[in-house]
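Heads up, the thing below is written out as structure tokens.
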Amino acid sequence: MPVAKAKEIATALRKKRGMDVKQATRIAMHYLFELMPALRNQNVMLEEVEQSDDGRYWLITLGYDSVSRAAVVLGLRGQAREYKTFKVDANTGEVLSMKIRAID
């Protein structure tokens, strides 16, 4: 979905004042697919959800399959998961950040 769709959802939420985790997840997914459309075919899944202590933000972590460049060069079929965490304003639906989430 285009960023315009995410903005449309966010506009509707402004009128409603607040959102649940499902809405925040939809916004994060729309945002990810708009910025990186090739990920639509990479097994994108919801991995983690957290609401900030003050309730102002949703932290949504999405994971997707990623083929390492080294594996491609060597002709291997190895896949790994990569993760992005989105900070979504719980009142407006605006995505404030997208960060790489490293798994230890």
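Could you check region 15-50 and list, in sequence order, the residues that are closer than 10 Å to residue 90 by Cα and surrounded by fewer than 16 Cβ atoms within 10 Å (Cβ to Cβ)? Can you show your working first?
Kept after step one, since they are closer than 10 Å to residue 90 by Cα, are these residues of region 15-50: 17-21, 23-24.
Once the filter is applied, which keeps residues that are closer than 10 Å to residue 90 by Cα and surrounded by fewer than 16 Cβ atoms within 10 Å (Cβ to Cβ), region 15-50 yields 17, 18, 20, 21.
Taking region 17-41, which residues are assigned to a helix (DSSP H, G or I) and in contact (Cβ under 8 Å) with a residue 40 or more places away in the chain?
23, 24, 27, 28, 31, 32, 35
Every read-out reported here was derived from the displayed coordinates using simple, explicitly stated rules and does not represent laboratory data. What you are looking at is a predicted structure, and each value in this text was computed from that prediction instead of being measured. Neighbour counts run over all protein chains shown; Cβ positions are idealised from the backbone, glycine included.
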